Structure formats: structure tokens, C-alpha cells
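Here the structure is laid out as C-alpha cells; the discussion comes afterwards.
What follows is calculated from the coordinates using simple rules that are stated; it is not laboratory data. Fair warning: this is a prediction, and the values are worked out from it, not measured in the lab. In this analysis, Cβ positions are derived from the backbone assuming ideal geometry, glycine residues included, and neighbour counts consider all displayed protein chains.
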Amino acid sequence: MLINGHPKEEELKVALADHELMYMDNVLITPHNAFNTKEALQRILDTTIMNIEGFVKGEPVNVVK
């Protein structure tokens, strides 16, 4: 599915609604919510500030190559 790029929201809803995992008794599906803690949000904020400061100084950090 993702080979052709990210699907549109409606296509994704249809694909997930019809997925076989949705009907299995031994599968529990939950939303991804790991980022939504005080500690995680603080780490995101700290990293964002560090990235901006590094960019302004001409010394970028967390560069993806």
C-alpha cells in the first residue's frame, strides 16, 4: 500500500476498516499515543529548541543524511 506513497485519509480508513486484524479475537488495536506524555513532550520541545539554536549558529544538530 505505501509503495505508491502515503494513501489519502479516506483510502486509509477503508483499508483499515476491512483489514483482517480488525476481526481477530486475539488482536487488540489501540491508537499510537506514546508521544503524549509530559516527559515526551518536554523532550520534543528541548530537541526542537536545540535544533533551532544549532541552525541559527550554523552548527545544525540531528541532521538526517
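Would you mind stating whether E9 is loosely packed, with under 10 Cβ neighbours inside 10 Å, under 16 Å from the mean Cα position of the chain (by Cα) and among the acidic types (D, E)? So E9 passes the test. Which ones in the stretch 25-65 are surrounded by 10 or more Cβ atoms within 10 Å (Cβ to Cβ), under 30 Å from K13 (Cβ atoms) and among the hydroxyl-bearing types (S, T, Y)? Passing the criteria: only T37.
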